[in-house]
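In what follows, a structure is listed as structure tokens, so that the remarks can point back to it.
The values are calculated or read from the model by the stated rules, or taken from the named source; none is laboratory data. Please read these numbers as outputs of a predicted model, since none were measured by experiment. Ideal geometry is used to build each Cβ from the backbone, glycine not excepted, and the neighbour counts take in all protein chains shown.
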Amino acid sequence: MPEPSEAAAGAAEPSLEEQIAAYQREFQDLDPQVEQVVSALQRLNRRMNVAYGRQTATLGISNAEWEVLKALVLSGAPYQMGPGELAKRLGLTPAAMTHRIDRMASEGLVTRERDETNRVRVIVELTHEGREKWLEAMRMATVFEEDLLQDLSGAERQLLGQVLSRLLRRVEDAQPDAGGRLSDLD
């Protein structure tokens, strides 16, 4: 019989039901309905991030680089932002953002130029190649997301979207500074 630590290392994650039962055993005040929703959302988020990471890896970019591309696209044409604004939007330190921009510039995904009207300011701009990577990632994500939601009717998708948006607003209102990361993961 393997040692407990060996068994745990190779063990699969417990089912949601097993996890909730263990939590209830250890913490009797637990509301199992709340825990099922929260734990399912956490697991879904983790698995979706892994799936998206695999997709972006096939394109030769990381999830971290995808986040920068997305921020630039969301800024609208001409897809430019300052590094400080990008860092703030992504919840990164300026040093971490500089490192990420350096890597992306060397890969041809973005350019970094001095602002002609303010030589102190730097502008990061999405390149054609960066936009093409973003578009291809979006195409891949769309296929994955449609497959994920295939068993839901249009009305169920709409209701789920409304409920999740309501939960998101509650968290954003309660913790408006929680949009970024707690620490830099690059």
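Below are the figures for this structure:
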read-out	value
Scan of segment 136-156 for residues that are in a helix (DSSP H, G or I) and loosely packed, with under 12 Cβ neighbours inside 10 Å, ordered by number	Arg139, Thr142, Val143, Glu146, Asp147, Gly154, Ala155, Glu156
Top-ranked residue in segment 40-98 [being aliphatic (A, V, I, L, M) and not in a helix (DSSP H, G or I); ranked as nearest to Arg112 (Cα to Cα)]	Met81
Selection status of Val120, β-branched (Val, Ile, Thr), outside any helix (DSSP H, G or I) and touching a residue at least 40 places away in the same chain (Cβ under 8 Å)	no
Qualifying residue in segment 110-117 (condition: assigned to a helix (DSSP H, G or I) and either surrounded by 14 or more Cβ atoms within 10 Å (Cβ to Cβ) or of a type in the set (S, T, N, Q) (or both))	no
Which listed residue, of Glu13, Glu6, is exposed (fewer than 11 other Cβ atoms within 10 Å of the Cβ), among the charged types (D, E, K, R), modelled with pLDDT under 90 and assigned to a helix (DSSP H, G or I)	Glu6
Residue ID - surrounded by the most Cβ atoms within 10 Å (Cβ to Cβ), chosen from residues in segment 45-70 that are aliphatic (A, V, I, L, M) and under 12 Å from the mean Cα position of the chain (by Cα)	Val68
